[in-house]
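To start, the structure under review is shown below, and the notes come after it.
The values are calculated or read from the model by the stated rules, or taken from the named source; none is laboratory data. For clarity, every value in this text was computed on a predicted model and none was experimentally measured. FYI the Cβ positions are ideal-geometry reconstructions off the backbone, even for glycines, and counts take in every protein chain you see.
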Amino acid sequence: MGLRDFLHRCPDCLGPVAEAGGDAIRCTRCGTVVGRGKGRGGGLRLFRSGAAAPQPLDPAHARIRVDEGDSGSASLWAVSGRSARVRIARLECEVPVRANGRILGFREQFGPERPGRALELETVLELREPEADGRSGLDVRIPWEDIGALQASSSTLQIAFGSSLVRLRFPEDPVRFWEELARHRIRAAWQRTGRGTVVEFQPRVRAR
Amino acid sequence: MTQGSVLYRAAQLLGRGVGALLGPVEVEGTPNIPREGGFILLANHQSLLDPVLLQAVLPRPLHTLTKSTQFAAPGMGWLLPALHAIPVRRYRVDAQAVRTLLRILREGGGVGIYPEGERSWDGRLQPLRRGTVRVVLAAGVPVIPCGIEGSWALWPRWSARPRRHRVRIRIGAPLDLGPPAGRREREERVGPVSGLLTARLRELSGEPPGREAGDDRDHDPSPDPFPPP
């Protein structure tokens with residue numbers, strides 16, 4: 001995880017950003033640097049190219065701007081067809097967690113992570129992994145409206161559909177970018193199919 | 001003394017040490033925790049360290065709803081239950097987690113829930129999970145709102161390491177939401193109660209409208225670390 005997982009676009013110009021080390025990102029378009037204050041601080045600072053001093057950056061404002069762009073979510077998510085390398089793990093079973101002889105609850109047991117590819121289209125999410133070790137690879141097209149739950153968990157994205165649960169790790173892309181993208185597509189799909197305005201994505205996608 | 005309680009106390013001491021090292025951690029409202037009987041403590045969630053710091057300062061043990069994937073790490077399937085963590089699956093409505101929670105409340109224990117369902121990315125309070133509010137209404141026990149301020153700056157979700165920052169934990173007065181509500185009444189009250197809890201959590205976590213979440217200008221005189229681009 002890094003600041004790029006939170007701010008996957010430049011909060012100044014919405015250009016692409018790269019990790020700049022030490023909890024900082026640098027916009028590859030305008031050169032703006034965003035990072036955490038030093039010492040006892042922790043608030044975000046923004047340093048524009050040519051500016052004399054850094055400015056405090058409201059993280060909530062930055063998040064909204066990065067996730068929704070200038071004119072709402074349409075500007076940033078209008079183009080579909082993004083593809084990314086992923087490592088895919090599938091839920092194998094659920095294991096009981098016990099304390100003092102009693103079942104407290106259950107935890108997920110995922111299979112091994114295998115390389116694959118995620119492709120997002122306007123109406124579906126495609127997940128593909130090659131066949132390996134004699135095991136058939138995952139090859140699914142999930143209509144966005146069929147996704148039952150969506151959540152970022154640490155540096156992974158968990159997607160439930162039908163009776164399946166997959167965990168996606170993005171080696172190159174910020175997980176939050178894909179979470180926001182998927183949320184946008186799910187919202188749009190639910191509205192398109194007349195199922196209402198989505199208000200929650202976990203523990204299940206729920207509309208008002 | 002059970003092994004669980006020995007470990008819990010050890011974790012409390014460790015948590016106080018972590019708080020002293022990275023904080024300080026200031027606590028207000030500890031007397032608002034009931035001396036006996038079941039209660040639910042609802043807190044905003046800004047940092048990985050929230051449960052550690054919270055359990056360290058509370059006068060009674062707290063059973064905390066914890067995402068189930070954390071129990072999969074080596075040793076955690078044993079350690080986390082000893083620290084009174086309750087696994088909750090987040091990709092489905094987890095009836096077993098609710099059963100366990102209600103059992104602990106019936107037995108007079110305290111349960112901690114982070115009703116946002118995940119850590120905040122930007123330090124601001126996120127919408128509360130409606131399912132959590134339903135559970136609160138079904139439980140019929142005192143509800144203690146608790147605001148945590150400063151832990152986002154201490155260790156935000158996206159950072160690999162913590163930095164020193166003052167943390168304030170404010171424990172609010174118990175809210176009496178009445179006896180356990182039936183399904184129909186719960187549905188009618190989810191919205192208003194969610195609004196009430198949101199307002200209390202915002203107030204207690206020092207998040208008035210317009211304030212920059214995570215802003216630490218008032219006590220951060222250190223120079224900025226970033227070189228000119």
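A few remarks follow.
- Matching strands (runs of 3 or more DSSP E) fully within the stretch A:89-180 where at least 2 residues are under 13 Å from the mean Cα position of the chain (by Cα) and more than 13 Å from chain B (Cβ to nearest Cβ): A:114-120
Conditions tested, residue by residue: (1) touching a residue at least 60 places away in the same chain (Cβ under 8 Å); (2) surrounded by 18 or more Cβ atoms within 10 Å (Cβ to Cβ); (3) among the hydrophobic types (A, V, I, L, M, F, W, C).
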| residue | (1), (2), (3) |
| --- | --- |
| A:Gln109 | no, no, no |
| A:Phe161 | no, yes, yes |
| A:Arg185 | yes, yes, no |
| A:Val199 | no, no, yes |
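- Subset of the stretch B:94-146 that is of a type in the set (D, E, K, R) and assigned to a loop (DSSP other than H, G, I, E, B) - its residue that is surrounded by the most Cβ atoms within 10 Å (Cβ to Cβ): B:Asp122
- Flag if A:Thr156 is exposed (fewer than 14 other Cβ atoms within 10 Å of the Cβ) and touching a helix residue (DSSP H, G or I) at 6+ places or on another chain (Cβ under 8 Å): no
- Pick from the stretch B:174-188, criterion under 15 Å from B:Ile40 (Cβ atoms) and charged (D, E, K, R), ranking: surrounded by the most Cβ atoms within 10 Å (Cβ to Cβ): B:Arg186
- Failed condition for B:Arg89, given (1) basic (Lys, Arg); (2) more than 9 Å from every other protein chain (Cβ to nearest Cβ); (3) in contact with a helix residue (DSSP H, G or I) (Cβ under 7 Å, 6 or more places away or on another chain): (2)
- Search result, residues across the stretch B:122-162 that are touching a Pro at 6+ places or on another chain (Cβ under 8 Å), within 12 Å of another protein chain (Cβ to nearest Cβ) and closer than 21 Å to B:Ala173 by Cα: B:Leu128, B:Thr132, B:Val133
- Against the list (1) away from chain B (no Cβ under 13 Å); (2) more than 26 Å from B:Gln126 (Cβ to Cβ); (3) small (Gly, Ala, Ser), the condition A:Gly196 fails is (2).
The rows are residues; the columns are (1) of a type in the set (D, E, K, R); (2) under 25 Å from A:Ile64 (Cβ atoms); (3) more than 16 Å from the chain's Cα centre (by Cα).
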{"site": "B:Trp121", "(1), (2), (3)": "no, yes, no"}
{"site": "B:Ala139", "(1), (2), (3)": "no, no, yes"}
{"site": "B:Arg157", "(1), (2), (3)": "yes, yes, no"}
{"site": "B:Pro162", "(1), (2), (3)": "no, no, yes"}
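- The one condition in (1) surrounded by 16 or more Cβ atoms within 10 Å (Cβ to Cβ); (2) more than 8 Å from chain B (Cβ to nearest Cβ); (3) at pLDDT 80 or above that A:Gln55 fails to fulfil: (1)
- The set of residues in the stretch B:70-95 that are among the aliphatic types (A, V, I, L, M), under 16 Å from A:Ser154 (Cα atoms) and within 18 Å of the chain's Cα centre (by Cα) contains only B:Val88.
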